[in-house]
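Participant: Dropping the structure in here first, questions after.
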């Protein structure tokens, strides 16, 4: 099972033809994501991976808040290049990985925090979702925090022209299974640059030992 060339081309095209603040998922600040990480009491030395981070500004705010060990993974090299350009000299403090999350050779039991806003809901095939969960199990330390945000049950059925899955908190947790303890969940109404509302669900889990 591999990520299709078409999929990579799709995201490279999106980031090549639109400014980072024009894509529908743009947030000036990833306020809820940052809040969930900070509220968990994660030490500033914790190893954090932002899956599908692309050109997201979460990495900017993590750096500003003093977090020291950040990895940003995205399928689109164009998105990562834009993020590096925005950060300037601060980009050297971040590890950048251009890869599909279900194919990336991530280090084993390396991360304290796994954050994903709006990647998992693009995995419409059960085998893709299984591979994703296996990647989390391999890469996250026992006791590590997993924050995954997808479209909620009343969210859009498509994003960027692609079909997506929609979840309630229990359904999203069920995809990850008994190896993860659901700590909490929050809903968010995101407004696109075009003014459309998109409803998200954020689930916070802990990987059990």
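The values are calculated or read from the model by the stated rules, or taken from the named source; none is laboratory data. Every value quoted in this text rests on a predicted model; they were computed, and no experiment measured them. Glycine also receives a Cβ, built like all others from the backbone with ideal geometry; neighbour counts cover every protein chain displayed.
Participant: State whether one or more residues within segment 40-58 are more than 12 Å from the chain's Cα centre (by Cα), assigned to a helix (DSSP H, G or I) and either within 24 Å of residue 103 (Cα to Cα) or at pLDDT 95 or above (or both).
Facilitator: No.
Participant: Spot the failing condition for residue 50; the list is (1) buried (at least 19 other Cβ atoms within 10 Å of the Cβ); (2) more than 16 Å from residue 148 (Cβ to Cβ), and only one is missed.
Facilitator: It fails just one condition, (2).
Participant: Out of segment 87-112, which residues are over 14 Å from residue 53 (Cα atoms), modelled with pLDDT of 95 or more and out of contact with any strand residue (DSSP E or B) (no Cβ under 8 Å at 6 or more places or on another chain)?
Facilitator: Matches in segment 87-112: 88, 89, 90, 92, 107, 108.
Participant: How many residues does segment 119-130 contain that are over 26 Å from residue 60 (Cβ atoms) and without any contact (Cβ under 8 Å) to a residue 60 or more places away in the chain?
Facilitator: Within segment 119-130, residues that are over 26 Å from residue 60 (Cβ atoms) and without any contact (Cβ under 8 Å) to a residue 60 or more places away in the chain number 6.
Participant: Now a separate question. Out of 178, 154, 116, 112, report the one residue that is loosely packed, with under 15 Cβ neighbours inside 10 Å and either under 30 Å from residue 209 (Cβ atoms) or touching a residue at least 60 places away in the same chain (Cβ under 8 Å) (or both).
Facilitator: Going through 178, 154, 116, 112 in turn, the sole match is 178.
Participant: Okay, next question. Regarding segment 83-93, can at least one residue be identified that is within 22 Å of residue 206 (Cβ to Cβ) and crowded, with 17+ Cβ neighbours inside 10 Å?
Facilitator: Keep residues of segment 83-93 that are within 22 Å of residue 206 (Cβ to Cβ), which gives none.
No, segment 83-93 contains no residue that is within 22 Å of residue 206 (Cβ to Cβ) and crowded, with 17+ Cβ neighbours inside 10 Å.
Participant: Only residues that are closer than 19 Å to residue 160 by Cβ and in a strand (DSSP E or B): list them for segment 73-122, please.
Facilitator: Result: 73, 74, 98, 116, 117.
Participant: Another one. Being buried (at least 21 other Cβ atoms within 10 Å of the Cβ) and in contact (Cβ under 8 Å) with a residue 24 or more places away in the chain is true for just one of 101, 133. Which residue is that?
Facilitator: One residue alone meets the criteria, 101.
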